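*Asks:* Quick one: this structure, given as structure tokens, is what I'll be asking you about.
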Ligand code: DGJ
């Protein structure tokens with residue numbers, strides 16, 4: 001998987017369907033050579049060096065397409081201030097190390113005490129290349145100031161044009177897919193909020209403007225980091241595109257003390273010749289195999305109490321909901337916010353993680369016992385990184401929050417952020433979480449995070465900006481310790497819905513709460529964007545009440561189910577207000593979901609059509625599941641049929657419900673006939689089995 005040509009100083013990393021090559025220039029700069037279709041080492045050595053046709057005294061002779069740009073007029077991946085004022089780096093090679101699919105290139109500065117390791121890792125069963133960097137102060141004198149320390153920089157071949165695909169949004173409208181040309185100059189995608197964020201998710205896809213769902217070359221990268229981040233795309237005067245990315249936003253700096261190292265997060269990249277759909281499927285497979293801690297499991301059907309009760313949780317109320325949830329087929333009952341401290345609203349109690357005695361007079365165990373008696377596992381909501389000023393914790397430790405000297409502490413949702421970069425804070429968090437899980441039979445934590453950082457700082461710290469990265473590492477550390485000590489514990493990532501979904505948090509969680517917006521129509525777009533990178537097995541989707549609490553939209557129960565069944569189905573409504581008929585229908589649909597679940601969660605996903613008629617197809621071995629959703633359309637307008645994908649043209653497929661037998665070739669060419677009566681909201685679930 002990794003080859004080296006000492007004569008040309010070129011490394012070639014090969015994955016099943018792609019290759020990546022870089023070389024060390026005469027001046028010691030690691031320079032990009034190739035990222036795309038497979039090449040041999042000899043072919044990589046023959047890739048022509050980039051010549052800038054518009055070369056002039058206004059361009060830098062050594063700047064283009066380096067693996068970690070420092071010099072030149074594009075964005076720098078690495079910005080260092082050496083004692084005495086030098087800012088340029090002149091690399092010298094210390095050789096390289098290959099360990100299986102892991103290549104480490106070792107460099108040091110010719111004069112100053114800085115060493116770097118450039119890491120590249122490939123896997124036998126994935127086309128994703130993982131890259132990261134380690135920087136080390138090798139001297140004894142003054143510290144080094146780092147104002148940028150990116151994980152990796154990426155370059156693509158010269159294309160006729162460059163188009164960026166990304167997902168953007170806000171609370172309750174996350175993951176909206178956008179595709180637009182990359183303008184000349186630079187664009188910056190970033191989060192300054194302390195989390196990966198609802199606004200822009202930390203991935204990009206690039207194509208030449210002509211790729212489609214199932215054709216065309218797409219280059220994509222995704223950052224494995226759950227805090228603030230920045231990716232800068234640079235379309236150069238010579239019409240080349242490269243981008244650099246890593247943790248921290250502009251203005252955040254690190255001080256590297258003698259002997260100290262800074263390791264960046266992984267910035268993973270994928271080249272795919274199979275369009276956006278192929279790109280998504282390759283990410284899904286990679287995340288399942290190499291990112292998720294328990295990616296081969298099937299996720300249970302959750303019931304979550306949040307939309308039913310808000311903060312008004314009580315033992316009796318939860319037991320009543322649990323009885324109906326079990327009847328509907330839920331496998332995991334999750335009690336959401338409101339169970340602890342003085343938590344009757346968002347105004348108080350965060351930080352005081354003991355069951356509220358008025359709501360749970362005998363503690364949590366009677367409820368947990370009842371949930372288990374009903375045959376479900378028990379999960380609970382926590383928000384460990386936060387504190388309300390109106391809490392015993394804050395009264396005891398006002399200095400534990402992120403804050404700056406002589407500055408106000410801005411409240412958002414009436415809460416402040418605990419500084420998870422302080423060891424005493426992570427020790428406290430680990431302690432109460434560990435006790436909560438050890439002293440109760442808790443199988444699942446919904447780990448929430450409900451506000452952006454402001455006034456991020458730690459007075460007295462010599463390196464105040466470290467809070468941005470230390471916080472994330474603290475969160476990771478607590479999650480990792482809990483998982484190691486409680487191997488059966490499963491965790492849901494949540495930040496006011498999908499505000500912290502990224503490859504970093506997915507390495508230590510099992511699913512993500514996609515959005516607080518549970519309106520099934522809005523969810524079609526949200527799920528479409530989520531699934532561009534992240535797999536269905538991580539996409540939590542509840543069926544809630546109608547009209548929807550947020551949008552007021554009234555939707556048929558089947559439609560709500562059919563949308564939520566495209567991911568990890570859950571129930572999140574006030575089941576006490578549902579009629580007996582609705583609960584019966586819900587139970588039937590949950591049972592149906594359990595039957596299709598292995599295909600949805602572990603199958604291969606194909607996106608079909610576009611609104612007003614769209615859907616998803618999942619394929620696993622000889623089974624095919626199609627979920628289709630039709631939005632209101634004028635009478636007489638006939639939406640394009642959903643042409644299925646990845647079937648065997650010569651095979652026949654039997655509809656498991658109607659017995660109708662379809663020819664693969666006909667489904668591929670003419671689409672799946674669907675019963676979608678009327679002109680309003682309508683949906684279908686079709687299960688097909690390939691006949692032997
Ligand atoms: C935000 C989450 O996204 C919701 O599902 C719910 O858990 C609330 N927080 C509780 O405060």
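*Asks:* So is residue 106 without any contact (Cβ under 8 Å) to a residue 24 or more places away in the chain and farther than 20 Å from residue 124 by Cβ or not?
*Replies:* Criteria met by residue 106.
*Asks:* The conditions are (1) in contact (Cβ under 8 Å) with a residue 24 or more places away in the chain; (2) under 25 Å from residue 479 (Cα atoms), and residue 396 fails exactly one of them. Which is it?
*Replies:* (1)
*Asks:* Looking at residue 584, is it in contact with a strand residue (DSSP E or B) (Cβ under 9 Å, 6 or more places away or on another chain), closer than 30 Å to residue 317 by Cα and surrounded by fewer than 16 Cβ atoms within 10 Å (Cβ to Cβ)?
*Replies:* no
*Asks:* What number of residues within the range 643-672 satisfy the criterion of being touching a helix residue (DSSP H, G or I) at 6+ places or on another chain (Cβ under 9 Å) and farther than 18 Å from residue 692 by Cα?
*Replies:* 3
*Asks:* Does residue 194 satisfy being surrounded by fewer than 19 Cβ atoms within 10 Å (Cβ to Cβ) and outside any strand (DSSP E or B)?
*Replies:* no
*Asks:* Is it the case that the range 415-433 has a residue that's within 15 Å of the ligand (Cβ to nearest atom) and either more than 22 Å from the chain's Cα centre (by Cα) or at pLDDT below 95 (or both)?
*Replies:* yes
*Asks:* Another question, then. Which of the strands (runs of 3 or more DSSP E) contained wholly in the range 42-120 include at least 3 residues that are over 24 Å from residue 156 (Cβ atoms)?
*Replies:* 91-99, 102-109
*Asks:* Which pairs have Cβ atoms under 6 Å, sit 6 or more apart or on different chains, and link a residue in the range 583-597 that is over 19 Å from residue 546 (Cβ atoms) to one that is surrounded by fewer than 18 Cβ atoms within 10 Å (Cβ to Cβ)?
*Replies:* Close Cβ pairs satisfying both conditions: 597/298.
*Asks:* Just to be sure before I move on: is residue 248 under 18 Å from residue 69 (Cβ atoms), more than 16 Å from the ligand (Cβ to nearest atom) and in contact with a helix residue (DSSP H, G or I) (Cβ under 9 Å, 6 or more places away or on another chain) in the structure I sent?
*Replies:* yes
*Asks:* Can you say whether residue 156 is touching a helix residue (DSSP H, G or I) at 6+ places or on another chain (Cβ under 6 Å), buried (at least 20 other Cβ atoms within 10 Å of the Cβ) and touching a residue at least 40 places away in the same chain (Cβ under 8 Å), as far as the supplied structure shows? Break it down into steps so the answer makes sense when it comes.
*Replies:* Values: touching a helix residue (DSSP H, G or I) at 6+ places or on another chain (Cβ under 6 Å): no; buried (at least 20 other Cβ atoms within 10 Å of the Cβ): yes; touching a residue at least 40 places away in the same chain (Cβ under 8 Å): yes.
So residue 156 fails the test.
The values are calculated or read from the model by the stated rules, or taken from the named source; none is laboratory data. Only a predicted model underlies this, so the values are computations on that prediction, with no experimental measurement involved. Here Cβ is always computed from backbone atoms with ideal geometry, including for glycine, and neighbour counts include all displayed protein chains.
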